[in-house]
There are 4 protein chains.
Amino acid sequence: MIKVGVIGATGYTGVELIRILARHPEVEIVGVTSNNYAGAEYSDLYPSLKGYFDLKCEELHTEELIKKSDVIFSALPNGHAHQLANEVVAKHKKLIDLSADFRFDDLSVYEKWYGPVPSLDDRIKRVYGLPEIHRLDLKGANVVGNPGCYPTSVILGLAPALRCGLIKPEGIIIDSKSGVSGAGHSPTLNNLYAECNESIKAYGVARHRHTPEIEQELSYLAGSDIKVTFTPHLVPMTRGILSTIYCDLKDGFTIQSVRETYREFYSKEFFVKVLGDGQYPRTKDTYGSNNCHIGLAYDEHTGKLIIISAIDNLVKGASGQAVQNMNSLFGLPEDTGLDFPAIYP
Amino acid sequence: MIKVGVIGATGYTGVELIRILARHPEVEIVGVTSNNYAGAEYSDLYPSLKGYFDLKCEELHTEELIKKSDVIFSALPNGHAHQLANEVVAKHKKLIDLSADFRFDDLSVYEKWYGPVPSLDDRIKRVYGLPEIHRLDLKGANVVGNPGCYPTSVILGLAPALRCGLIKPEGIIIDSKSGVSGAGHSPTLNNLYAECNESIKAYGVARHRHTPEIEQELSYLAGSDIKVTFTPHLVPMTRGILSTIYCDLKDGFTIQSVRETYREFYSKEFFVKVLGDGQYPRTKDTYGSNNCHIGLAYDEHTGKLIIISAIDNLVKGASGQAVQNMNSLFGLPEDTGLDFPAIYP
Amino acid sequence: MIKVGVIGATGYTGVELIRILARHPEVEIVGVTSNNYAGAEYSDLYPSLKGYFDLKCEELHTEELIKKSDVIFSALPNGHAHQLANEVVAKHKKLIDLSADFRFDDLSVYEKWYGPVPSLDDRIKRVYGLPEIHRLDLKGANVVGNPGCYPTSVILGLAPALRCGLIKPEGIIIDSKSGVSGAGHSPTLNNLYAECNESIKAYGVARHRHTPEIEQELSYLAGSDIKVTFTPHLVPMTRGILSTIYCDLKDGFTIQSVRETYREFYSKEFFVKVLGDGQYPRTKDTYGSNNCHIGLAYDEHTGKLIIISAIDNLVKGASGQAVQNMNSLFGLPEDTGLDFPAIYP
Amino acid sequence: MIKVGVIGATGYTGVELIRILARHPEVEIVGVTSNNYAGAEYSDLYPSLKGYFDLKCEELHTEELIKKSDVIFSALPNGHAHQLANEVVAKHKKLIDLSADFRFDDLSVYEKWYGPVPSLDDRIKRVYGLPEIHRLDLKGANVVGNPGCYPTSVILGLAPALRCGLIKPEGIIIDSKSGVSGAGHSPTLNNLYAECNESIKAYGVARHRHTPEIEQELSYLAGSDIKVTFTPHLVPMTRGILSTIYCDLKDGFTIQSVRETYREFYSKEFFVKVLGDGQYPRTKDTYGSNNCHIGLAYDEHTGKLIIISAIDNLVKGASGQAVQNMNSLFGLPEDTGLDFPAIYP
């Protein structure tokens, strides 16, 4: 059994982690910490877990928690994981961090968008934890930067096209739509029911900080510097991200050959499904699951390839992917504890 | 492995059955039938199941399906299961019927509310499939009348109070609220998005046909004839039923003793959770699970006991309970294949 | 033109007041105050009003605002209006208060549920501002306690039955369902999108402070002391209250005679509509309007009369009713500026 | 008073027409027809209008209805208005058609996407009824092709940019999101509550028939042939369209100069509001109103101008615009009967 400690367990990604880990056949949760709720029964805070998880929230005593754990999941806000990683690797344990702290190859990019980084232990071997793209690098890693929700949907949608050179690398436009749980569990005007219901809006237009994360990975896939226009939107639903991606198909390719390439690229992947001709993904069909559904269309009269990808932002976009990364780190089949379909309708 | 055939598999209770059965460790699904979609890949109709279930919908050939199955689930509309039951028991197989056809002890009550019943095979041993109440009777049954969604929430909410004589049997009022998936998968004005969203209404006031079903079971529990006032409401959400039940506490009992009795009554039940003082159930905390959450309050200034129970109408209120019944019929632990918590948030 | 000042204008009832008053043909808004947003363009805070209302939020200078106004609307939280009323009546102006501060005939009841009351100016002539019930008293009043949203729906639903002695006064049960805007504009866990969406729950069970307000008015109507069991629920919608009321019809009355009495009772009322046989109100049909729809049913097998009433909690349940009261105070037709139907669908 | 007849009055655009026209100070509704509901009280079908509109639905007798009307609104499906227009102009009356039948300058484009057109009376003088663009042409028209909902949001969003040459005409990408009422009042799987709620999807990808309508008007504005990539999405809300438009800003312009040009372009328009720096429209802020809100952003690192426009699909996207067109045809101020703000929240 893998001994797991969860730090910052009482946000939405935290409770989703607990939902998955509590039934994972190879996991024992040894501690969950919460600044706000130390001492409380976790299942009093989250009654959905009554009968499934019976630990209490603890105050965070980092050293102690690391000691009794094989792997730490951190669901703290951005900026807390660097120091934590130093302590974890010093004890030869592993860290899976759900914040942005370890997502960037180039620390100066991180610092520009998120703030200063303390000095890091040399023994940290970080990886961007999108297993479908960086599976090999996961083997030797001890720190995983779990991807952002928008980037996950976008990178999976574009990976075959960029890696296999199907599209021109310029002018990619990404129009993403997210459910409100992505805004987190802390009450603000932005995530109030009466503000979000019966409304859709764009936000962070032309300056959302998932843009550099997306560009880093797309550039890696393309082997050249990629710039994208990325616009996120807030949709009146709890879960789900749909990314509609517009790009220019290179001459010589057809929608049929594109679809074939996508299917081959993802043929060994348990979680990624490439839909058929005329089928387009709905976020509902991924609700509560670790799956990513991808649809493809070609607009003949403008030459645009349109790629649409759907995930559950809290599962494949956060906690499910984190568990997938853990499985990979510990040599388990990636779908262990994650092989459940979406809830429909 | 239990060989399972599903008839009428393409409504909402049908697809929920498939979601659960496809991952049930002791089940092999041998056939799914659909009048409307014979020949179609099931996972093209329901892409949420892509990768989890790969049968095609078949036309219904009853004899053949019964032959290759150990148990038949029928999710057909009311009125189709009587004849089917005759054929199933003739072949010494079992039937779990999700319609109202086998819910009534007294056929004349069924006929009054639903229509005529053909003559039934003597070998049919039917049971009202609420395992928490009729577990013993399930052992010898070959036909299960799977309870209605509203009745499930109401009966579980009132069972300890009536069985243990905590409340007066007269004047019980039941105000129930349901999500729209209870109205089914066939398009009508009543279940259109724009009609249901941002609205709540009562329907079937003073004449909903779940009333006699509720009264039958409450009378059984009380050992005397019970009449109730039952009003269902349609709420803008996909899943969930909340029943708020008003009754008169007998002298000599307190809210503390009531809560204790409830906890003892359900102490061995995996799926029923009695909440603590000041805690009231939310349907969200049962979303996608087979759980029933029950909250209790006492209104001192009027002497009313208020019982609130929450379920997912498609799981404990339909398909999950059907699988729980199957587990019971075949001697498996009741939670086999059903031990997953709700999706939150 | 009536000169109007609005205090606490930036909550949901405040912005709804502005929406209505900004187009009222006999009103000039002379000032809007906000503690949090002083100095801001109102229509930058609430872009729905761009082009319709172009004042800035001011800091509250009570004396000055009263001086330039004929009537003050206060949408401040409970506990601020007593002192304000003293100042308003000293200047011979009028106050319409949307909090609970002036809803109670008996100040000791207010103090039990809400807290201490300062000494009040003798010149205050308060009235409970439900015009359909207290129209005559409005004529001489200078301070209006605008009713709560739940009480409005309940009192209008029960008024004809109690006033005309159609029902037994004991054992009335009120099961109310409200949209989330009733929880206000201040962010808390309770009104977060991801907490409210796809869920229904009861709250304040057996102890909601609208209970004494309801009982005061029902007792007035019945001419005897009335106690009720009242349970509010939170429903995933922005606006709307539906109250389902259960009571015992007295011998000698039928559903037909009840309906006739209701129609006669409300025959002169612009805003109250009594629906026909088999018709039940939907909150959607009152959305954004000052209307109240009432449906009636009789459950023959239990003798219960079921009354269902629907309003928009922010209009008839708050700001629309406040304007109706203003119209009445100033001798205008009550529907002035309020004669718009609901937005459907 | 303008005498108005409404044909096909019982769909969602029909009932929205009635809501607006019933309170229009210069209109008398002389007849409403419905194939499905002839003989029914309109306000029994749509109780939101109880007390506001008391006609019965009639069977359609075209000649008679035209005779007693000054103007006919047709809310019939596509393909019925050509013949109707012949009859209307023969009687020297006017027609405002809410279908696609009169939206196209080039009938062959209509026929390619919608089907054959009968021969048309020479006296028909049609205009594309977007008053902000074709106001002058409205003066002499007797038949108005009321624009589609998506095209309205897109054309208003792009008009200043194309007319004033701020952007390159190639490579425009339009990502639109619509509420479910746009799918109409006839029940299908696509507009069921349980299918739409908690989900977002694209549809009609690369082949939606609003594309040629959009391209016709954008080409008119640009003075050159414009091709666009247009993708509509279905969002879980009842009303509202948000269009996010991506295009390339020409050298020499800045976001400041763009915003200024937009403000000047729309400076005389009552219904179009250009938001400030960093402000982006929410559909909620146009809910129930005839307004269009436009936000602008410039993505420096890719050179893209991002234009976001929001409308209510049933008002500015359909029935409100139809009334605006009527006002224009009859020489009334365009905002007559339409000067109400959105309902918020």
Residues that are within 30 Å of residue A:76 (Cα to Cα), at pLDDT below 95 and surrounded by fewer than 17 Cβ atoms within 10 Å (Cβ to Cβ): does the range A:166-183 have at least one? no
Does any residue of the range B:91-103 turn out to be among the basic types (Lys, Arg), within 21 Å of residue B:210 (Cβ to Cβ) and in contact (Cβ under 8 Å) with a residue 60 or more places away in the chain? yes
Checking residue C:212 against (1) surrounded by fewer than 24 Cβ atoms within 10 Å (Cβ to Cβ); (2) within 9 Å of chain B (Cβ to nearest Cβ), only one condition comes out false. Which one? (2)
Are any residues in the range A:137-184 of a type in the set (A, V, I, L, M), outside any helix (DSSP H, G or I) and within 17 Å of residue A:104 (Cα to Cα), and if so, which ones? A:141, A:143, A:144
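Results for (1) among the polar types (S, T, N, Q); (2) under 22 Å from the mean Cα position of the chain (by Cα); (3) farther than 28 Å from residue B:290 by Cβ, shown as yes or no for each residue.
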| position | (1), (2), (3) |
| --- | --- |
| A:43 | yes, no, no |
| A:47 | no, no, no |
| A:54 | no, no, no |
| A:80 | no, yes, yes |
| A:85 | no, yes, yes |
| A:95 | no, yes, yes |
| A:105 | no, yes, yes |
| A:118 | no, no, yes |
| A:135 | no, yes, yes |
From B:267, B:319, residue being at pLDDT 95 or above and not in a helix (DSSP H, G or I): B:267
Is there a residue in the range A:188-209 that is of a type in the set (Phe, Trp, Tyr) and in contact with a strand residue (DSSP E or B) (Cβ under 7 Å, 6 or more places away or on another chain)? yes
Listed residues B:238, B:261, B:283; which is among the β-branched types (Val, Ile, Thr) and open to solvent by 10 Å² or more (accessible area, probe 1.4 Å)? B:261
(1) without any contact (Cβ under 8 Å) to a residue 40 or more places away in the chain; (2) over 28 Å from residue B:301 (Cβ atoms) all hold for residue C:236 apart from (1)
Could you tell me whether any residue of the range B:324-340 is touching a residue at least 40 places away in the same chain (Cβ under 8 Å), farther than 25 Å from residue B:127 by Cα and either open to solvent by 10 Å² or more (accessible area, probe 1.4 Å) or within 13 Å of another protein chain (Cβ to nearest Cβ) (or both)? yes
Within the range A:297-316, how many residues are assigned to a strand (DSSP E or B) and open to solvent by 10 Å² or more (accessible area, probe 1.4 Å)? 2
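Could you check the range A:246-264 and list, in sequence order, the residues that are outside any strand (DSSP E or B) and within 11 Å of chain D (Cβ to nearest Cβ)? Show your work before the answer.
Initially, the range A:246-264 is screened for residues outside any strand (DSSP E or B), giving A:250-264.
Within the range A:246-264, A:255 is the sole residue that qualifies.
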The number of residues in the range C:154-195 that are under 21 Å from residue C:316 (Cα atoms) and within 14 Å of chain A (Cβ to nearest Cβ) is 8
Criterion violated by residue C:64 - all others in (1) open to solvent by 60 Å² or more (accessible area, probe 1.4 Å); (2) charged (D, E, K, R); (3) in contact with a Lys or Arg (Cβ under 9 Å, 6 or more places away or on another chain) satisfied: (3)
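Could you please find all residues in the range C:219-231 being within 13 Å of chain B (Cβ to nearest Cβ), touching a helix residue (DSSP H, G or I) at 6+ places or on another chain (Cβ under 8 Å) and either β-branched (Val, Ile, Thr) or open to solvent by less than 10 Å² (accessible area, probe 1.4 Å) (or both)? Steps first, answer last, please.
Let us first name the residues in the range C:219-231 that are within 13 Å of chain B (Cβ to nearest Cβ), namely C:225-231.
This time we only want the ones that are touching a helix residue (DSSP H, G or I) at 6+ places or on another chain (Cβ under 8 Å), so: C:225-228, C:230.
C:226, C:228, C:230, listed by residue number.
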Would you call residue A:214 part of a loop (DSSP other than H, G, I, E, B) and in contact with a strand residue (DSSP E or B) (Cβ under 9 Å, 6 or more places away or on another chain)? no
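In the range C:293-316, what residues are more than 14 Å from chain D (Cβ to nearest Cβ) and not basic (Lys, Arg)?
Within the range C:293-316, the first condition is being more than 14 Å from chain D (Cβ to nearest Cβ), and the residues that meet it are C:296-307.
Correct list: C:296, C:297, C:298, C:299, C:300, C:301, C:302, C:303, C:305, C:306, C:307.
Does residue C:110 meet the test of being at pLDDT 95 or above, open to solvent by less than 70 Å² (accessible area, probe 1.4 Å) and either touching a strand residue (DSSP E or B) at 6+ places or on another chain (Cβ under 6 Å) or not in a helix (DSSP H, G or I) (or both)?
Working: at pLDDT 95 or above: yes; open to solvent by less than 70 Å² (accessible area, probe 1.4 Å): yes; either touching a strand residue (DSSP E or B) at 6+ places or on another chain (Cβ under 6 Å) or not in a helix (DSSP H, G or I) (or both): no.
Criteria not met by residue C:110.
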Regarding the range A:186-200, can at least one residue be identified that is open to solvent by less than 10 Å² (accessible area, probe 1.4 Å), touching a residue at least 40 places away in the same chain (Cβ under 8 Å) and of a type in the set (A, V, I, L, M)? no
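Criterion first (outside the structural domain of residue D:214 (by TED's automatic domain parsing), open to solvent by 10 Å² or more (accessible area, probe 1.4 Å) and among the small types (Gly, Ala, Ser)) does residue D:85 satisfy it? Don't jump to the end; show me each part of the working.
Numbers: outside the structural domain of residue D:214 (by TED's automatic domain parsing): yes; open to solvent by 10 Å² or more (accessible area, probe 1.4 Å): no; among the small types (Gly, Ala, Ser): yes.
So residue D:85 does not fit the description; no.
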All conditions in (1) within 20 Å of the chain's Cα centre (by Cα); (2) within 14 Å of chain B (Cβ to nearest Cβ) are true of residue C:125 except (2)
Condition first: open to solvent by 50 Å² or more (accessible area, probe 1.4 Å), more than 12 Å from chain C (Cβ to nearest Cβ) and among the small types (Gly, Ala, Ser). Now tell me which residues in the range D:40-60 satisfy that. none
Pairs returned, first residue in the range A:121-146 that is open to solvent by less than 50 Å² (accessible area, probe 1.4 Å), second residue that is among the polar types (S, T, N, Q) and assigned to a loop (DSSP other than H, G, I, E, B), beta-carbon separation under 7 angstrom, 6 or more apart or interchain, are A:124/A:142; A:129/A:146
Looking only at the range A:271-285, decide whether some residue is part of a strand (DSSP E or B), out of contact with any helix residue (DSSP H, G or I) (no Cβ under 7 Å at 6 or more places or on another chain) and at the interface with another protein chain (Cβ under 10 Å from one of its Cβ atoms). yes
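Filter the range A:221-242 for residues that are in a strand (DSSP E or B) and touching a Leu at 6+ places or on another chain (Cβ under 9 Å); which is farthest from residue D:178 (Cα to Cα)? Don't jump to the end; show me each part of the working.
Let us first name the residues in the range A:221-242 that are in a strand (DSSP E or B), namely A:228-234, A:241-242.
When the remaining residues are screened for being touching a Leu at 6+ places or on another chain (Cβ under 9 Å), the result is A:228, A:233.
Working: A:228: 25, A:233: 13 Å.
Looking at residues that are in a strand (DSSP E or B) and touching a Leu at 6+ places or on another chain (Cβ under 9 Å), I get A:228.
The values are calculated or read from the model by the stated rules, or taken from the named source; none is laboratory data. Note that the coordinates shown come from a computational prediction; the quantities given were computed from them, not determined experimentally. All Cβ positions, even for glycine, are placed from backbone atoms using ideal geometry, and neighbour counts span all protein chains on display. Heads up: the accessible areas ignore ligands, DNA and RNA and are worked out on the full protein's heavy atoms, side chains in. Shrake-Rupley method; radii C 1.70, N 1.55, O 1.52, S 1.80 Å.
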